[in-house]
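The values are calculated or read from the model by the stated rules, or taken from the named source; none is laboratory data. Only a predicted model underlies this, so the values are computations on that prediction, with no experimental measurement involved. A quick note on method: Cβ atoms are made from the backbone with ideal geometry, for glycine too, and the neighbour counts reach across all protein chains shown. Heavy atoms of the whole protein, side chains included, go into the accessibility calculation; ligands, DNA and RNA do not. Shrake-Rupley method; radii C 1.70, N 1.55, O 1.52, S 1.80 Å.
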Amino acid sequence: MAQRNETFVPGTLVVPKGANVAFPNLDSVRHSIYSFSKPARFQIDLYGRDQTRSQRFPLAGTVALGCNIHDKMRGYLRVVSTPFAAASDLNGRAQIEGLVPGAYRVTLWHPRLRGSGNEAVQTVTITPGAPARLTLELR
Amino acid sequence: MVRPFFLRPLVASIARFRPRTLRARIAVLLMALLAGVMAVSVLVAGSGISLFAHRVAERDMAANARVFEQLIATRQGQMRESAIVVARDFGFREAFAVADHATLGSALGSLAGRTGASVAAVVSLDGKVVTNPGAPALDGASLLPALDAGKDSGVISLKGEFALAVAAPIEMPDLAGWLVLAQPLGTQDLGALSRLSAVPIKAQVAPASALGSQQNALGLGTIGELPSPQGSQLVRLSALPSLQSGIEPRLVLSHSLDQAMQAYRTLNAVLVGIALGGTLAGLWLGLRIARSVTRPLSQLADAARRYAGGTVAKVEVAGDAEVAALAQSFNAMVDAIEERERQIVHSALHDGLTELPNRRFFIEKLDRAVARQSAVHRTMLVFVDLDNFKVINDTMGHPVGDALLREAGRRLQDQFPDHMVARFGGDEFGLLVTGLSDSADPASLARTIHSVLNENITIDGRSMQLTASFGMAVGPQDGQSGDELLKNADLALYRAKSEGKGTYHFFEASLDEEARRRRQLELDLARAVREGDFELHFQPLYSMTQQRLKGFEALIRWNHPERGRISPADFIPLAEETGLIIPIGEWVIREACAQAAAWPGELSVAVNISPRQFASPVLSQTIVQALAASGLPPHRLELEITESIFIGNVERTLGMLHGLRSLGVRIALDDFGTGYSSLSYLRSFPFDKLKIDQSFVRDLGSDASAHAIIRAITTLASALGIETLAEGVELEATMDALRREGCDLIQGYLISRPVPAHDVAGLVKQMNGVGALSWACS
């Protein structure tokens, strides 16, 4: 999860539980990354250009990342405990490999999704060769 | 025309007032006009001022509302600044993130203390609230909709009171809740707002539900006028942003209209004062103008009234051109009327011919003189009548007659320049001598008048004798009133006239008595004509040559029922004067003819015809009827006329005589030798008989000249083939003398007195013998 042009890149990142995430600073300014989210409360003191800090995320859940210096900077980490997870592209398309056809419980997350913890749980039936369509309501 | 409603009662009251004088009307109209203009001005200005005041107040209020919003926004801005700072504080966010309520509470407490907010609270996304210690409870759930919608300031309710609140989002970095600061909207803020505004405005924040229906009906942002216990108020409502669902805070700005209008009230009062002053000035001016018009009018009216009352009233020629011209015209009119009146009075009171006062004027003056007269201040009234004026007028023409009248009047006036000489009409004049003292001698005055009115005068180069008779009465002894004096002077004149021409007479009491008797006689005579109290007596006419009676003269007798027989000499002149002679004469002719028709032989009857009777157009008709009725041959009727019928129109008289002659009657000339005896009459008309007046006959014995006259008459008459008869023969010697002088007939007591009709037969028998016998037998 890099910082470039005072923006987290990529803005949303899906990582498995217990993953170690690096926060390379690609800007000329310094950043101080923090999170008050329950799965990971941490603060990384200011670090400069081309420096990298890392953080381990042992608990599954959503981690909202902010920068103490730059209020506008927002980034999200979704720490998942399942291998079947993916982040969509800007068109809302995501692909999860390795699923057999059948009915699945899907947890959807989006920072502006209505619902507790910005999550929504839906049920979807996977049929081969056809993408499943899920509908979200955003704030 | 549609009058403004407020003028209608004014016009109505003016119409009811309806001033009667021009002056009042002008003044009232002018004043009403001014009052109307003033009233309209005041009303327009007043409403303009009121409108202006309203506008000012509204503008003030709108400005105040904006100021208030600004004030609130400033306050909220400050609060939000503080809130934002705190909301971003890492430690604060951490405390919030780990739900460290104790730390959070103390942080909020210190924030509240720092910002002066009464409540500092954190509202999490699920509506849970953490506040500073001791703060009033905050209903987080009710704030969520507004907060969720992104509102960051507004009004909330704190323990039922409105408070100003701001919210700052707590982001870490996602939105996790809001930091809310609230401060009560106390009277302090609103008081500060009132102090800030230019006009005293009362500000109040209230929930919409607590407002009156009138206020709610007003609408937001508009200004309306609403009644209140303190009088009319301008009210403006505006909505304040709410941060809490369920409350609708309203800012109510109110402004007492009375107070707003206070400043303008003085202006209005001044305007009304000016209007009143203007109206009063208009009244004064109207009265002045009206007076300048009506004063000359009323002066004219007054002058006209006085003029009508008899005084010569003129008005002063002054003032404006029109007024002066009017006054001038009025004065000219007064002059013209004066002049005309003078002329009318003059012609009404003067005689046109002589320019002397007339009878009316004379009597007016006489009445005034009589009213003042006394024994030492006597009034003498002279009644003058010119003698023979009619003759002069007839014979010499009216111009001469008129000149004579003028001359007589002039002489009289010249003689008495200080006394009134008047012409009464015809040939009558009056002279009024006033202020005659008791020592003055009326007789000498009478002599003077007589000498003035009886002398030769020359008219048109012809000399003639002016003669006049006059009667006089002197007041007070001859009369206490003008009428009485006039009557008595008239009586005196009558007496003078009857005494002869050119004489005068003073009034005496006996004249009055005589006049009274005359009047009685006149009445009696009229009655006698009606009742036939007359009788004919007959006196024989004896022919000396034939020694026998030739006829009788019929003589009238009046047997008065009370006074017995009245002499013809007494009543014939009266009958002649009153015109009764006409019916009397007719009766005589008819009676005489009727009697004579019964007489034997050729006995004729002679009847006297008076001058007036002769002039009557019915005379010949009467004669014809009498002859026809009686059967008397015309030649046996003889008409006796006197020379006086020739006075006046001789031609006409001759025509009449020839006409009578053509009836076949005989015509005798009576009283020949007296009066106007003129031989020319004898030549111009062939009379059948001349009756020689008895005055000559009486003198026959003693006067030789009487012989000569009678002889001359008889010679002349026989030469012309006219019979002669001598009247009044009483003695045989006279008869003998007459016979010697060649007279044909005699009449008189010697032969017989006049006898009643029934004695005629006896007389004829006695005188004519045989003839009487045959008559007696017939």
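Worth pointing out:
- On the beta carbon distance between residue B:344 and residue B:398, with R0 = 22 Å, the FRET formula returns roughly 0.20.
- The 1.4 Å probe gives accessible areas that order B:661, B:25, A:105, B:305, largest first, as A:105, B:305, B:25, B:661.
- Stretching residue B:680 away from residue B:407 to a fully extended chain increases their span by 95.0 nm, per 0.36 nm per residue minus the current alpha-carbon distance.
- Residues A:109, B:284, B:558, sorted by accessible area with the largest first, give B:284, A:109, B:558 [1.4 Å probe; ligands and nucleic acids excluded].
- Relative contact order [Cα under 8 Å, 6+ residues apart], chain A, whole percent: 19 percent
- Per residue of peptide B:170-179, the mean number of Cβ atoms on other chains within 10 Å of the residue Cβ is 5.
- Axis of helix B:22-88 versus longest Cα principal axis of chain B: the two differ by about 0°, to the nearest ten degrees.
- Within region B:413-529, percent of DSSP bridges classed antiparallel, to nearest 5: 75 percent
- You can think of it this way: the chain between residue B:355 and residue B:302 has 15.4 nm of extra reach, that is 0.36 nm per residue less the Cα-Cα gap.
- Beta bridges per DSSP with both ends in region A:2-80, % antiparallel, nearest 5: 75 percent
- Each Lys and Arg Cβ is given +1 and each Asp and Glu Cβ -1; about its Cα centre, the protein assembly as shown then shows a dipole of about 8180 debye.
- Whole-angstrom gap from region A:28-52 to region B:519-587, using each part's C-alpha centre: 191 Å
- Difference of contour (0.36 nm per residue) and Cα-Cα distance, residue B:391 to residue B:501: 38.3 nm
- For region B:676-706, chymotrypsin sites (Phe, Trp or Tyr not before Pro) meeting the loop criterion (DSSP other than H, G, I, E, B) and having at most 11 other Cβ atoms within 10 Å: B:676.
- Principal-axis analysis of the Cα atoms of chain B puts helix B:568-578 at an angle of about 30° to the longest axis.
- Averaged per residue, chain B has 49 square angstrom of accessible surface, using a 1.4 angstrom probe with ligands and nucleic acids left out.
- Here the calculated FRET efficiency for residue B:527 and residue B:29, from their Cβ-Cβ distance with R0 = 60 Å, stands at 0.15, rounded to the nearest 0.05.
- Residue B:137 versus residue A:133: modelled label distance in nm, points set 7 Å from Cα along the beta carbon direction: 4.9 nm
- Cα centroid separation - region B:209-228 against region B:236-314, whole Å: 35 Å
- The modelled label-to-label distance for the pair residue B:719/residue A:94, using points 7 Å beyond Cα in the direction of Cβ, is 20.4 nm.
- Per-residue SASA entry for residue A:70, accessible area with 1.4 Å probe, Å² rounded to 10: 30 Å²
- Leading residue at positive end of dipole, chain B (Cβ point charges), from B:210, B:109, B:451: B:109
- Mean Cα-pair separation over length for region B:87-170, i.e. relative contact order, pairs under 8 Å, 6 or more apart, %: 21 percent
- Simple label model, 7 Å out from Cα along Cβ direction - residue B:545 to residue B:269, nm: 14.4 nm
- Rounded to 10°, Cα long-axis angle of helix B:257-308 versus longest principal axis of chain B: 10 degrees
- Residues of region B:472-488 with amide N under 18 Å of a point placed 7 Å along Cα→Cβ from residue B:376: B:475-477
- Most mobile of A:71, A:45, A:27 in a GNM of chain A (Cα contacts under 10 Å): A:71
- A 1.4 Å probe over all protein chains sorts A:35, B:292 by accessible area into B:292, A:35, starting with the largest.
- Span from the region B:62-114 Cα centroid across to the region B:475-508 one, whole angstrom: 151 Å
- Segments B:361-373, B:442-454 sorted - mean Cβ within 10 Å per residue, highest first: B:361-373, B:442-454
- Exposure check, 1.4 Å probe, all protein chains in place: residue B:98 carries approximately 70 Å² of accessible surface.
- If both residues of a DSSP beta bridge must be in chain B, then about 75% of such bridges are antiparallel.
- Estimated dipole of region A:1-136 in Debye, rounded to 20 [Cβ of Lys and Arg +1, of Asp and Glu -1, Cα centre]: 260 debye
- Computed over region A:2-80: relative contact order in percent, which uses C-alpha pairs under 8 Å that are six or more apart: 37 percent
- Classification of region B:315-387 by its C-alpha gyration tensor yields an oblate form. The axis ratio a/c (a ≥ b ≥ c) is 1.5 or more, and b/c is at least a/b.
- Probe 1.4 Å - accessible area at residue B:418, Å² to nearest ten: 130 Å²
- Using the rule -39500 (n - 2.57) for each DSSP H run of four or more residues, divided by the residues of chain B, the 222 nm mean residue ellipticity is -17500 deg cm²/dmol.
- Equivalent-ellipsoid semi-axes of region B:534-777, from the Cα gyration tensor, Å, largest first: 25, 24, 19
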